[in-house]
1. Which angle from 0 to 90°, rounded to the nearest 10, does the C-alpha axis of helix A:256-270 make with the longest principal axis of chain A?
2. Convex hull over the Cα atoms of the range B:1-98, averaged projected area in nm²?
3. Binning at 20 Å from 0, report for the protein assembly as shown what percent of all alpha-carbon pair distances ends up in each bin.
4. According to the Kirkwood expression over distinct Cα-Cα pairs, how big is the hydrodynamic radius of the range A:144-295, in Å?
5. Please compute the Kirkwood hydrodynamic radius of the range A:121-231 from all pairs of different C-alpha atoms, in Å with one decimal.
6. Obtain the radius of gyration and the Kirkwood radius of the range B:39-78 from its C-alpha atoms and give Rg over Rh.
7. Using only the Cα atoms of chain A, what do you get for the radius of gyration and for Dmax, in Å?
8. May I have the convex hull volume per residue, in Å³, for the Cα set of the range B:69-195?
Number of protein chains: 2
Amino acid sequence: MAELGFIGLGIMGKPMAGHLVAAGHTVHVYDVRPEPVKELSTRGARPCRSCKEVGQKSNIIFIMVPDTPDVEAVLFGPDGLAEGLRSGSIVVDMSSISPIATKEFAKKLTAMGVKMLDAPVSGGQVGAENATLSIMVGGPVEVFNEVKPYFERMGKNIVHIGGHGDGQTCKVANQIVVALTIEAVAEALLFASKAGADPVKVRAALLGGFAQSRILELHGERMIHRKFDPGFRIRLHQKDLNLALQAARSLGLSLPNTATAQELFNAVAAQGSSDLDHSAMVLALEKLANHTIKG
Amino acid sequence: MAELGFIGLGIMGKPMAGHLVAAGHTVHVYDVRPEPVKELSTRGARPCRSCKEVGQKSNIIFIMVPDTPDVEAVLFGPDGLAEGLRSGSIVVDMSSISPIATKEFAKKLTAMGVKMLDAPVSGGQVGAENATLSIMVGGPVEVFNEVKPYFERMGKNIVHIGGHGDGQTCKVANQIVVALTIEAVAEALLFASKAGADPVKVRAALLGGFAQSRILELHGERMIHRKFDPGFRIRLHQKDLNLALQAARSLGLSLPNTATAQELFNAVAAQGSSDLDHSAMVLALEKLANHTIKG
């Protein structure tokens, strides 16, 4: 049976690692903060004092940290995984980070005889806690098949997209669609409200036709009923759109509405509201219009 | 039984009027071109030589013409409806036009003792031919109830939104959501393709999560399989976004992504492709990126 490792025990990583522990696996855990390491240890996880130590003791290591530089530090920083990893081990990065950096990391690990998957998730804290995450995976299919039983402890909709970085690319594409559809619904409902129509009836009518989307359904309702408790926080979506816009620049690609959506998130953040749900993007448009959607 | 009138017998109006004729109603018809008037007459419609004559002979008159100035000409131009309309008659404008102009037209007709509904549709030529149109209605609810049996000959999803103009406002909101969701899907699939991921797998993965929409499903597939036969033509969506942007300016409202979507439609039109399906908006982004989505 594989010796597992899990690095990064935040609001996502802690419940995800917890599912692996609860399933009876040996899981070597590390986080920069001692508390979650301690907590998981009382439930049977094996505490480690560095990423290096996790690498020495495990042969499938999951990473769940905030951003690209954090993954780089976990892998290649002082006392990092690379110092401890054994040839033949598998590194599974479940963080949402740059697809371009991911391809570079995979190349360096491959040169060391280490296999890698990128496996970002969507579904948020609730999905992590209920083991219902969607998992988008890039990397060799035989490595995917080897890790799949562990993914199934953490998620439901588990899809192999393609080679190294393609999981991250898919996640970025997902976040582009979500942000821009929120923006679409915000412009439409604000237009309707400002023109004097009832946004409740407009939303209901639009849901019956070609404009239907889960975002019109759920976030349209949030905008009408002013329910901006997170959900998915604006500051996290800002991070994801930053990945999109940076990659677009590197790839030679123009994403005009992604750029505007990011600026609207920035405007809401400028009001000190970056911890609101991403549907609160509508607040920036409302400020520009000097009008609030009335349900 | 009501004497019906129908003005505007184009690719939408002709089948819509045809359903009323086929249901056994007396329908007085007029179009600026003689051919469809002749054709419907052979099926039992009563031909008229002017809008005025339709107004004189009917008490519920449907209008289905391209744009705001056309409706104004039908109503208030020389030999227009206003010269023939009887007090107590009902004018039902099913064209997609300016919500602001609609409110003015309703005011003028009301002053003449004539009732009005705005009742724009979505569903296109196929919806008109199969009597499956969505109909979004503005105007007094008792007038809506009086006309509803006739709407049911032409459509399926028939919703009373609110007062005069609110049907048009709802239609504009619908077209904003549709255009901006097409744009969202285009940016995301182009990003995925340019980053080297398979857009077929990315689309499939996204359909299983929060990014789901009918547009991702149908137009995402069109973009991947390069099927840009209309469907709904770019030049018609340009007209609808023009209504959105003009109304936004009048209302004091900023619609940044609607403006960009219109510019992208303009760019595709500049290539002589304004008769392609609106999903062909992706062609403008592909040109900017010097890259074509590969499925």
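Derivation of every value follows stated rules applied to the coordinates shown; laboratory data play no part. Here the structure is a predicted model, which means the values were calculated and not measured. Cβ: placed from backbone, ideal geometry, glycine included. Neighbour counts: every protein chain shown.
1. Tilt of helix A:256-270: around 90 degrees.
2. On the way: hull surface 22.3 nm².
Answer in nm², one decimal: 5.6.
3. 20, 43, 25, 10, 2
4. Values: mean 1/r = 0.0596 Å⁻¹.
It is 16.8 Å.
5. Working: mean 1/r = 0.0622 Å⁻¹.
Kirkwood hydrodynamic radius for the range A:121-231: 16.1 Å.
6. Numbers: Rg = 11.2 Å, Rh = 11.4 Å.
Here Rg/Rh amounts to 0.99.
7. Spelled out, the Cα radius of gyration and Dmax of chain A are 20.7, 66 Å.
8. Values: hull volume 15.9 nm³, N = 127.
So the per-residue hull volume is 125 Å³.
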